[in-house]
Amino acid sequence: MFSFFRRKEVSKEPILLENSLTGEIETFKPLLPGVVTMYSCGPTVYDHIHIGNLRAYLLPDLLTRLFQHEGYKVKSTINFTDFGHLTDDADAGEDKMVKGMKREGYEITLENMRDFALPYIESFKADNAAFGNLPATHYARASDYIKEQKNLIETLEQKGYTYETSDGVYFDISKFPAYGKLGNIDLNAIKAGARVTINEEKKHPADFALWKKGELGWESKWGRGFPGWHIECTAMVFATLGKQIDIHTGGEDLMYTHHNGEIAQAECITKKPYVSYWLHNAHVKINDEKLAKSAGNGLRLSDLITKGYSPLDYRYLLLQSHYRTPVNFTFEALDGAKTALRRLWRFVYEEYDGIIPTETNKTYEARFVLALGNDLDTPGALAILWELIRDKEIKPGAKLATLHVFDSLLNLGLSKNSIDGKAELGRLAGDEIPVEIKNWLQKREAARIARNWDEADRLREALRLQGYEVEDTESGPRLTKTN
């Protein structure tokens, strides 16, 4: 599928990743030689995703591109939570899917819940692709894995890790002393500060639901209901990737409750480490507030496009910061990213138009890959990219070939394998120009050569009114479609 990645032996250069579990930079070592298994927590599909959500999927995309460049085969899964995610991200409140269905006037049934989710699943895939991310190997809907989730709950029950209450089946964290190791959770502080009235039947406030009883849901030995949010992901990891995986990614807010729940469930079942490397991205804020659908400040990618930005402008903006560094979104910052990206596109598609790529410059390529291999140092990689652009000692063919390799790792539209940057710039080839517009352009060029500046200016304005901008260059006029 990804033919623009060069096939080669697995790199001997180390790939370093900061593991959220240990807080240390660690050298990546796969469970299976030459193969990377990676799971990324996907969206709860009760609404469209916003631009802040996209950062969580840029992380696995960059990892996939890096590992593939270095010769690994990547097997990845992104899930869709289409039931069972309660509004407080734990075990209380209204199911977000039900809340969304009420918003849109659906009758509350399981069949309608699946139908309701589908447009938001397709919307996610479309935004993810437009943003330049590679698709996951597997897209998994939680509702397709009910049997697997029930089986895991029964296994935990048989092993003595659960207890049942009037409203569900809970995991007893006291039976798993390592609970909270991700993020160094202070369980005593949680217990001391808890309000017992939240759920008097829970043995510890951090005990989490494996099955929630209710009128809506699937039949089970514990009564009608649905699996808890955390067990969904464990079941889908096991089913699509195996009981032990290399990498698990997600937003930093998932670390404390959701991912600790996943660890507890999986490791109590298998008695083996669940994930080798946990990677968490920081959030995107707008006006210093976290972007969130529930907060009503969730700009969508389509909103940026409507305002005249390319999805890759936003991608460039995010790449300017390390994935573990918070980003405060402003349109001023997006304008700066747009300007920088247009300079790159103009270099590749105008200044180097017609240049045939040759061999890459191995020094620049090695430095670029080394930067990305240092816990995805994208700011450092971009600095190397611009250094290459300015380096007059590198021959044009080698420079263009090296930029194409860089683009296979960042996907900024610098090669036709990603997007046609010339089209993004609005540059039109001769056969793409309408006959009437072509005639006006020829008349204007004739007037310009004859130094009839008034007529040239009149024709320029006429073209502008038709949505075309003319730029005079040494090689002749260039026409840009502006709307």
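Things to note:
- Filtering S321, S310, S302 for residues that are under 24 Å from L479 (Cβ atoms) and among the polar types (S, T, N, Q) leaves a single hit, S310.
- Yes/no for T64 being polar (S, T, N, Q), surrounded by 22 or more Cβ atoms within 10 Å (Cβ to Cβ) and within 17 Å of L412 (Cα to Cα): yes
- Pairs where the first residue, in the range 142-160, is within 12 Å of F171 (Cα to Cα) and the second is part of a helix (DSSP H, G or I) and among the basic types (K, R), C-beta under 7 Å, 6+ apart: G160/K175
- Within the range 301-328, considering residues that are of a type in the set (S, T, N, Q) and farther than 14 Å from R55 by Cβ, the one farthest from the chain's Cα centre (by Cα): T306
- Candidates V348, V327 - the one that is surrounded by 14 or more Cβ atoms within 10 Å (Cβ to Cβ), touching a residue at least 24 places away in the same chain (Cβ under 8 Å), over 30 Å from W278 (Cα atoms) and hydrophobic (A, V, I, L, M, F, W, C): V348
- For the range 351-365, filtered to residues that are loosely packed, with under 14 Cβ neighbours inside 10 Å and on the phi < 0 side of the Ramachandran plot, the residue that is modelled with the lowest pLDDT is D353.
- Filter pass, L385 being assigned by TED's automatic domain parsing to the domain that holds V348, under 20 Å from L279 (Cβ atoms), modelled with pLDDT of 95 or more and of a type in the set (A, V, I, L, M, F, W, C): no
- Those helices (runs of 4 or more DSSP H) of the range 390-459 in which at least 1 residues are modelled with pLDDT of 85 or more and either touching a Pro at 6+ places or on another chain (Cβ under 8 Å) or among the β-branched types (V, I, T) (or both), considering only elements entirely within it, cover 396-410, 435-449.
Okay, residues lined up against (1) out of contact with any Ser or Thr (no Cβ under 6 Å at 6 or more places or on another chain); (2) closer than 21 Å to K125 by Cα; (3) buried (at least 18 other Cβ atoms within 10 Å of the Cβ); (4) not assigned by TED's automatic domain parsing to the domain that holds Y72:
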{"residue": "D246", "(1), (2), (3), (4)": "no, no, yes, no"}
{"residue": "N260", "(1), (2), (3), (4)": "yes, no, yes, no"}
{"residue": "S276", "(1), (2), (3), (4)": "yes, no, yes, no"}
{"residue": "N281", "(1), (2), (3), (4)": "yes, yes, yes, no"}
{"residue": "A333", "(1), (2), (3), (4)": "yes, no, no, yes"}
{"residue": "K338", "(1), (2), (3), (4)": "yes, no, yes, yes"}
{"residue": "L344", "(1), (2), (3), (4)": "yes, no, yes, yes"}
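- Residues of the range 183-202 include at least one that is loosely packed, with under 14 Cβ neighbours inside 10 Å, closer than 22 Å to A266 by Cα, assigned by TED's automatic domain parsing to the domain that holds S276 and not hydroxyl-bearing (S, T, Y).
- Hits in the range 329-362 (condition: under 22 Å from the mean Cα position of the chain (by Cα) and more than 15 Å from I389 (Cα to Cα)): F329, T330, F331, A333, L334, D335, G336, A337, K338
The values are calculated or read from the model by the stated rules, or taken from the named source; none is laboratory data. The shown structure was predicted, so the numbers you read here are calculated from the model rather than taken from an experiment. As a convention, Cβ positions derive from the backbone with ideal geometry for all residues, glycine included, and neighbour counts pool all protein chains shown.
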